[in-house]
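Undergrad: Below you will find the structure I want to go over with you.
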Amino acid sequence: MNHRYRTRIQGEGLQEKIRGIEFDIYEACMLPVFFVIMTIFLWLFCLDLKWIQFNAITASVFTVISIIISIRSYRKVKNLRKSLNNYRKGLEGERLVGEVLNKLSNDSCYVFHDIPGERFNVDHIIVSTRGVFAIETKHFDRSKCHEFSFDGNMVYRQMKDGSLFLCPKLLPQMDGEARFIQNEIENRTELKIPVIKVAVLVGCFIHTPAENEADKNMKNYFSKYWIVNEKLLPSMFLEEKEIYDDSVVKHIASHIKELVKIDIDQ
């Protein structure tokens, strides 16, 4: 029988995590509900004077257990809801960036989403005549800040009070994802293709030293890493020179497609 396949969509990995957390929240809520109902049931039985001594002791024990479990469940649900909100925000960001990238897709530009690695997912990949791009999406809480600074080597988050915080994990994460894609391409096609590292900070403004330069040439600071927002990415991509033939692009894209293929007949 011929199997039917589909490719992964943007944020598919996050959707799986969200479903898992929602189930954990449901599970964490059901346990205290069960004990509270049992406790009420046992205290009602105390109305029967014949069993008052036994039921009062049992009901008291269940009351203590219900309180302990309810407190622990409340703390667990509180942490789970925080993670759930972060994942949902991340999913919104991946979908938005995915829609922007899909508009670039054509016969010489292939866009893939949610490429699974060993313990991580690459949010998006562009395989095109202009190069291969590994794209990481970040969707930050704009109520805290929406401005970042990038000098070509370091990324800083600029808070509303003017203080700067280093983002130490972003660039190493981009390095790891690009290295993973580069290795996959080399192993599957025997082609050594450099991968351009891109981080899209959704809805954010990126400061660079180019703001104080006459030529405003931001690309001077994006030789190693592209730190951009979703509005800047398409224009920067289209400014890149075409360096690969369509045949090379199609060859690479056909192998990348294997990474994101899902059997829908399983």
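Undergrad: Give me the percent of accessible area attributable to carbon and sulfur for the chain, probe 1.4 angstrom. Can you show the working numbers first?
TA: Working: 8920 of 15990 Å².
Summing carbon and sulfur atoms, their accessible area is 56 percent of the total for the chain.
Undergrad: Another question, then. I'd like to compare 232-238, 13-19: which one has the highest average count of other Cβ atoms within 10 Å, and what's the full order after that? Could the numbers behind the result be given before it?
TA: Numbers: 232-238: 15.1, 13-19: 16.7.
Result, highest mean Cβ count within 10 Å first: 13-19, 232-238.
Undergrad: If you put +1 on each Lys and Arg Cβ and -1 on each Asp and Glu Cβ, how big is the dipole of segment 90-142 around its Cα centre, in Debye rounded to 20?
TA: The dipole of segment 90-142 has a size of about 160 debye.
Undergrad: Still on this structure: Kindly state, to the nearest 0.05, the FRET efficiency for residue 153 paired with residue 104, given R0 = 35 Å and r defined as their beta-carbon distance. If you can, show how the numbers build up before the last one.
TA: Details: r = 28 Å, r/R0 = 0.80.
The pair residue 153/residue 104 has a calculated efficiency of 0.80.
Undergrad: Turning to a different aspect of this structure: What distance in nm separates the two pseudo spin-label positions at residue 72 and residue 179, each 7 Å out from Cα along the beta-carbon direction?
TA: Distance between the two pseudo-spin positions: 4.0 nm.
Undergrad: Something else now. Of the DSSP beta bridges with both residues in the chain, give the percent that are antiparallel, rounding to the nearest 5.
TA: Values: 23 of 37 bridges.
If we restrict to bridges inside the chain, about 60 percent are antiparallel.
Undergrad: Now a separate question. Let me know the charge dipole size of the chain about its Cα centre in debye, to the nearest 20, where only the beta-carbon of Lys, Arg (+1) and Asp, Glu (-1) is charged. Can you show the working numbers first?
TA: Numbers: 36 positive and 35 negative charges, 203 e Å.
The calculation lands at about 980 debye.
Undergrad: Starting from 0.36 nm per residue, how many nanometres of slack lie between residue 189 and residue 246 once their C-alpha separation is accounted for?
TA: Here the segment from residue 189 to residue 246 would lengthen by 19.0 nm.
Undergrad: Please compute the per residue accessible area over the chain with all protein chains in place, 1.4 Å probe, rounded to a whole number of Å².
TA: Numbers: 15990 Å² over 266 residues.
Here the per-residue accessible area is 60 Å².
Undergrad: Provide the gained length on full extension for the span residue 85 to residue 64, in nm with one decimal, where the gain is 0.36 nm per separating residue minus the Cα-Cα distance.
TA: Details: separation 21, 0.36 × 21 = 7.56 nm, distance 3.17 nm.
Net length gain for the segment: 4.4 nm.
Undergrad: Go ahead and set up a Gaussian network model of the chain, Cα springs under 10 Å, then flag whichever of 177, 92, 240 fluctuates most.
TA: Answer for the Gaussian network model of the chain: 240.
Undergrad: Among all the lysines, which ones have a C-alpha under 30 Å from residue 82's C-alpha, if same-chain residues fewer than 8 places away are not counted?
TA: Partners within reach: 17, 138, 144, 160, 169, 197, 231.
Undergrad: Please compute the length gained on full extension between residue 56 and residue 235, using 0.36 nm multiplied by the number of residues separating them and subtracting their Cα-Cα distance. Please report the intermediate quantities before stating the final value.
TA: On the way: separation 179, 0.36 × 179 = 64.44 nm, distance 7.30 nm.
In short, 57.1 nm is gained.
Undergrad: Follow-up question, since we're still on this one. Please give the charge dipole size of segment 152-213, origin at the Cα centre, charges +1 on K and R Cβ atoms and -1 on D and E Cβ atoms. Round to the nearest 20 debye.
TA: 160
Undergrad: OK, next. Name the residue farthest towards the positive end of the dipole of segment 95-165 from the options 117, 158, 101, assuming +1 on Cβ of Lys and Arg, -1 on Cβ of Asp and Glu, about the Cα centre.
TA: 158
Undergrad: How would you order 110-117, 36-43 from highest to lowest mean count of nearby Cβ atoms within 10 Å? Please list the in-between numbers first.
TA: Values: 110-117: 20.0, 36-43: 15.8.
So the order, starting with the most tightly packed, is 110-117, 36-43.
Undergrad: Mind pulling the angle between the C-alpha long axis of helix 246-259 and the longest principal axis of the chain? Nearest 10 degrees, somewhere in 0 to 90.
TA: Once rounded, the angle reads 10 degrees.
Undergrad: Still on this model: Using DSSP, restrict attention to beta bridges with both residues in segment 73-212 and report what percent are antiparallel, rounded to the nearest 5.
TA: 65
The values are calculated or read from the model by the stated rules, or taken from the named source; none is laboratory data. Please read these numbers as outputs of a predicted model, since none were measured by experiment. Neighbour counts run over all protein chains shown; Cβ positions are idealised from the backbone, glycine included. All accessible areas refer to the heavy atoms of the entire protein, side chains included, with ligands and DNA or RNA removed. Shrake-Rupley method; radii C 1.70, N 1.55, O 1.52, S 1.80 Å.
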